[in-house]
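Below you'll find the structure, written out as structure tokens, and then a few comments.
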Amino acid sequence: GQQQRLCIARAIAIRPEILLMDEPASALDPIATAKIEELILELKRDFTIVIVTHNMQQAARISDHTAFFYLGELIEFDTTAKIFTNPSKKQTEDYVTGRFG
């Protein structure tokens, strides 16, 4: 997690309008993952953060809005709560429930 935190610190030093994170906690143990997620939750007060992840549980924990893409096509975008509890597209429902993907 040290490497990820260092990369995040370097990225926010220039005060970007949007911070893009691609799998920010991949290959980390649960403790390091929790620390990265805590940092993201703090940072989202001051930054717009876009996270790319295949970890649906992580997306549910730390995001306000979720977009589901499949083969480069946007299938659905909504609040995270709606995507995970009442998605409007069957393909999204199948993915978030583990029936597909």
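Computed values, structure above
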{"item": "Where ASP64 falls short, out of the listed (1) in contact (Cβ under 8 Å) with a residue 12 or more places away in the chain; (2) out of contact with any helix residue (DSSP H, G or I) (no Cβ under 9 Å at 6 or more places or on another chain); (3) of a type outside the set (Phe, Trp, Tyr); (4) surrounded by fewer than 14 Cβ atoms within 10 Å (Cβ to Cβ)", "result": "(2)"}
{"item": "Scope the stretch 42-57; condition surrounded by 15 or more Cβ atoms within 10 Å (Cβ to Cβ) and at pLDDT 95 or above; matching residues", "result": "LEU43, LYS44, PHE47, ILE49, ILE51"}
{"item": "Identity of the residue in the stretch 42-101, in a loop (DSSP other than H, G, I, E, B) and β-branched (Val, Ile, Thr), that ends up nearest to PRO24 (Cα to Cα)", "result": "THR53"}
{"item": "Matching residues, the stretch 37-92, being within 30 Å of ALA13 (Cα to Cα) and of a type in the set (Val, Ile, Thr)", "result": "ILE40, THR48, ILE49, VAL50, ILE51, VAL52, THR53, ILE62, THR66, THR79, THR80"}
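The values are calculated or read from the model by the stated rules, or taken from the named source; none is laboratory data. It should be emphasised that the depicted structure is a prediction, and the values quoted were computed from it without experimental measurement. FYI the Cβ positions are ideal-geometry reconstructions off the backbone, even for glycines, and counts take in every protein chain you see.
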